[in-house]
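The values are calculated or read from the model by the stated rules, or taken from the named source; none is laboratory data. Keep in mind that what you see is a predicted model, and the values were worked out from it rather than measured. All Cβ positions, even for glycine, are placed from backbone atoms using ideal geometry, and neighbour counts span all protein chains on display. These accessible areas exclude ligands, DNA and RNA; they are computed on the full protein's heavy atoms, side chains included. Shrake-Rupley method; radii C 1.70, N 1.55, O 1.52, S 1.80 Å.
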Amino acid sequence: VYRMPPAFGAVKHCAVLQDKDSLKRNLNVHVLSEDASGYLTQSSQILKQNLKTWIADYKMVNDTVDILDAKIVNIGVEFEIVAETGFSRHDVLTVAKMSITDYFDDISHAIGESLYITDIYKELNDTNGVLDVVSVKIVHNDGVNYSSQSFDVLKHMSADGRILHIPPDCIFELKYPNSDIQGAVK
């Protein structure tokens, strides 16, 4: 999928899943593209048709392939930290938000990949001026500029609150770091 020539379109993320409801050997290829601003977006019908033609030479003869849109789940991060004595609370908050922004920029979540809340705790704890992390909460963002995909954060959270699971045909996106990351300093 990723080796398809750029002239036919570009896929940013894909996941290939066996269709358990199919009586044949059907594979579902869930794809997403990226818009000019770098945000995840649904792939065009033309790109999906080009992809289906491209992978026809690489699939098993008896396999059927459906090219489907992956679902985007927009999230936000809310956190509370304690600043070390002698540090400006405002500066510590700014650096902590940048730390989370950098974390999400550096990792490239795959379709179906869980989010480890403990990694966000670690990023905040490693931030200069942060004495301790009181809490980290992941929230689902929806509305005008976000995906219409509904998502229940509590339902998908692990029992210990450390891992946020996602269905295999979905991907997390922290779309607007400046507004999607909210923090407070004690």
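Shown for the chain: the carbon plus sulfur share of the solvent-accessible area, taken with all protein chains present and a 1.4 angstrom probe, equals 51%. Protein heavy-atom accessible surface, 1.4 Å probe, per residue over the chain: 58 Å². Please report the projected area of the chain's Cα convex hull averaged over all directions, in nm². One quarter of the hull surface, i.e. the mean projection, equals 12.5 nm². Along the chain, counting only chymotrypsin sites (Phe, Trp or Tyr not before Pro) with a DSSP assignment other than H, G, I, E or B and at most 12 other Cβ atoms inside a 10 Å radius, the longest segment between sites is 59-186.
Let me know the charge dipole size of the chain about its Cα centre in debye, to the nearest 20, where only the beta-carbon of Lys, Arg (+1) and Asp, Glu (-1) is charged.
Numbers: 17 positive and 26 negative charges, 115 e Å.
In total the dipole reaches around 560 debye.
Annotation for Asp160 and Tyr103: the two label points, set 7 Å from Cα along the Cα-Cβ direction, are 1.7 nm apart. Each of Ile163, Ser99, Gly9 was scored by the projection of its Cα onto the charge dipole of the chain, and the greatest displacement toward the positive side belongs to Gly9; charges sit on the C-beta of Lys, Arg, Asp and Glu.
Within a straight-line Cα-Cα reach of under 29 Å, Lys186 can be paired with the following lysines, leaving aside sequence neighbours fewer than 8 residues apart in one chain: Lys97, Lys122, Lys137, Lys175. When +1 charges are put on Lys and Arg Cβ atoms and -1 charges on Asp and Glu Cβ atoms, the dipole computed for segment 23-83 relative to its Cα centre reaches about 460 debye. Each stretch of four or more DSSP H residues adds -39500 (n - 2.57); spread over every residue of the chain, this sum gives -7000 deg cm²/dmol at 222 nm. One Cα centroid belongs to segment 81-119, the other to segment 48-75; the line between them spans 34 Å. Take every Cα pair under 8 Å whose residues are at least 6 apart in sequence, average their separation, divide by the length of the chain, and the relative contact order is 27 percent.
Magnitude of the Cβ-charge dipole of segment 81-182, K/R +1 and D/E -1, about the Cα centre, nearest 20 debye? Please list the in-between numbers first.
Values: 7 positive and 16 negative charges, 57 e Å.
Charge dipole of segment 81-182: 280 debye, to the nearest 20.
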